Amino acid sequence: GKVVAAVYFVLLAKYLSEEVFGTYNLLINIAVVALVLSYWGLDYVLIRDVSRDRSLGGRYLAGTLFIRGAIALCALPALVLLFHYYALPSRYLPLALTIYVTYALSHGNSAFLALIRAHETMEYEAGAAVIYRLAMLFST
C-alpha cells in the first residue's frame, strides 16, 4: 500500500503543475487535520475498557462510531472555513470534500481494529500509547 502511494505521489508531482500539486497536498493536509479531530483517543478508551469487560464491546463500538461520525460531520464546516481561510479557488472545494470523505471512510475501520485488539487484552498497550501521544504533544 505504501509503495503504491509513493509511486502515485511521484507521478502526481511529475505530471501536475506546481500550483495544482501544491493545492492538492494542502487539501490532503487540511482533510487529515480535520480527521484527526474526529478520533479524540476513542480507540484507546475502547481498548482499555473492553479488554477489562468484553461484554461492553458492542456498546463501545457503537458509541465510538457514533461520536466519531458526529465529530466528522461537525468538522465539515471547519474544513470549509479552513478552505476559505487559505483563499483557495472555489473550484477546488468539491475535491477537498471528496478527499475528506475518502479519508474518513478509509480510516473508519480503526474502531473495529481497536475492538479486535481489546479482545486480545491490550489495555496496557492502550495506556502506553496515550502516554506516548501526550509526551509527543507536550514536547513540541
*When the label point is put 7 Å from the Cα of V101 along its Cα-to-beta-carbon vector, which residues of segment 56-86 have a backbone N closer than 18 Å?*
69-81, 83
*asked:* At 1.4 Å probe size, with the rest of the protein present, what percent of the exposed accessible area of segment 1-53 is carbon and sulfur atoms?
replied: 69 percent
*asked:* Connecting C-alpha atoms closer than 10 Å in a GNM of the chain, tell me which of L16, L79, L35 has the biggest fluctuation.
replied: L16
_For segment 64-80, Karplus couplings with θ = phi - 60° (6.51, -1.76, 1.60), whole Hz, Gly/Pro x_ = 5, 5, 5, 5, 4, x, 5, 5, 4, 5, 5, 6, 4, x, 5, 4, 5
*Extended-chain gain in nm, criterion 0.36 nm per residue less alpha-carbon gap, S90 and F21*: 23.2 nm
*Starting from the Cα of Y8, step 7 Å along the direction of its Cβ; do the same at I116; then give the gap between the two resulting points in nm.*
2.0 nm
*Report the relative contact order of the chain, percent, no decimals, based on alpha-carbon pairs under 8 angstrom and at least 6 residues apart.*
39 percent
*With every protein chain present, what is the per residue accessible area of the chain (1.4 Å probe, Å²)?*
66 Å²
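The values are calculated or read from the model by the stated rules, or taken from the named source; none is laboratory data. The model shown is predicted, which means the values in this text are computed figures rather than measured ones. All Cβ positions, even for glycine, are placed from backbone atoms using ideal geometry, and neighbour counts span all protein chains on display. Keep in mind that these areas ignore ligands, DNA and RNA; they rest on the heavy atoms of the full protein, side chains included. Shrake-Rupley method; radii C 1.70, N 1.55, O 1.52, S 1.80 Å.
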